[in-house]
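Below: the structure, in structure tokens.
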Amino acid sequence: MSPKAIPNLITLFRILLVIPLIGLLINRQYGMVLGLFAVAGASDALDGFLARRFGWSSRLGALLDPLADKLLMVSSYITMGLLGMLPAWLVILVILRDIVIVSGATAYQFLIGRVEMEPTLISKANTALQVLLVLLVLFSLAMQALPEAMIDGMVLAVAVTTVWSGLKYVGIWGRRAHYLYSSERKGVR
């Protein structure tokens with residue numbers, strides 16, 4: 001096995017963590033879930049560090065890493081929503097944003113050209129807030145109840161950044177598609 005494969009193996013490990021994490025959530029083992037989230041976060045940091053530091057990045061890793069992150073977050077949000085830990089409307093909003101982004105990227109890929117996703121600042125903030133919300137809810141359930149206003153504020157922050165980042169992606173890729181389409185019609189390409 002080549003050392004270049006190590007980040008991808010770590011990412012695959014993170015994908016496999018989703019199954020026990022969801023099982024532990026369903027069984028309300030919140031302390032264990034917090035521990036697995038910590039392991040998942042550490043593995044995400046480690047695979048990224050190794051890929052950058054040693055040049056062990058690959059096209060497969062570029063696809064697997066965000067997939068692992070999305071799988072972890074979407075499955076956590078759905079499960080926590082079904083268990084009443086997160087508001088259903090927020091779960092729907094988060095998933096709807098991801099569906100819009102993936103559908104838009106797929107359509108762009110097939111109709112216009114290669115998609116090179118560049119996370120926007122608001123998208124990075126949204127991801128961080130989504131993770132923080134999950135951690136705060138789990139901490140509140142496993143360790144020490146946090147003020148309801150704190151959780152509600154975080155829910156609102158996640159909702160706002162989810163909508164904002166979704167609209168940002170639609171705007172960016174819509175403008176790119178319009179520009180390319182207009183240039184093609186004018187014969188400029």
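Compute the Kirkwood hydrodynamic radius of segment 7-98, taking the inverse of the mean of 1/r over all pairs of distinct Cα atoms, and give it in Å to one decimal.
One over the average 1/r among Cα pairs gives 13.9 Å for segment 7-98.
Compute the Cα gyration tensor for segment 51-143, then decide on rounded, prolate or oblate, letting a ≥ b ≥ c be the square roots of its eigenvalues: rounded whenever a/c is under 1.5, prolate when a/b is larger than b/c in the other cases, and oblate in all that remain.
It is oblate, given that a/c is not under 1.5 and a/b is not larger than b/c.
Run the numbers on segment 21-112 and let me know its relative contact order in percent, using alpha-carbon pairs under 8 Å that are six or more apart.
24 percent
Got the relative contact order for segment 86-189 handy, in percent, Cα pairs under 8 Å and 6 or more residues apart?
Computed value for segment 86-189: 40 percent relative contact order.
When Rg is the radius of gyration of the Cα atoms in the chain and Rh is its Kirkwood radius, what does Rg/Rh come to?
My calculation puts Rg/Rh at 1.02.
Which trypsin sites (Lys or Arg not before Pro) does segment 28-57 hold that lie in a coil by DSSP with at most 15 other beta carbons within 10 Å?
Sites meeting the loop and neighbour criteria: Arg28.
Which order results if Tyr169, Tyr179 are arranged by neighbouring Cβ count within 10 Å, fewest first?
Ordered by Cβ neighbours within 10 Å, fewest first: Tyr179, Tyr169.
More than 24 Å apart: what percent of Cα pairs in segment 86-189 qualify?
Here the tail beyond 24 Å accounts for 38 percent of pairs.
Give me the percent relative contact order of the chain, please, defined on Cα pairs under 8 angstrom at least 6 residues apart.
24 percent
Values quoted throughout were computed directly from the atomic coordinates according to the rules given, and no laboratory measurement underlies them. No experiment lies behind these values; they were computed from the predicted model shown. Here the Cβ is made from the backbone with ideal geometry for all residues, glycine too, and neighbour counts use every protein chain on show.
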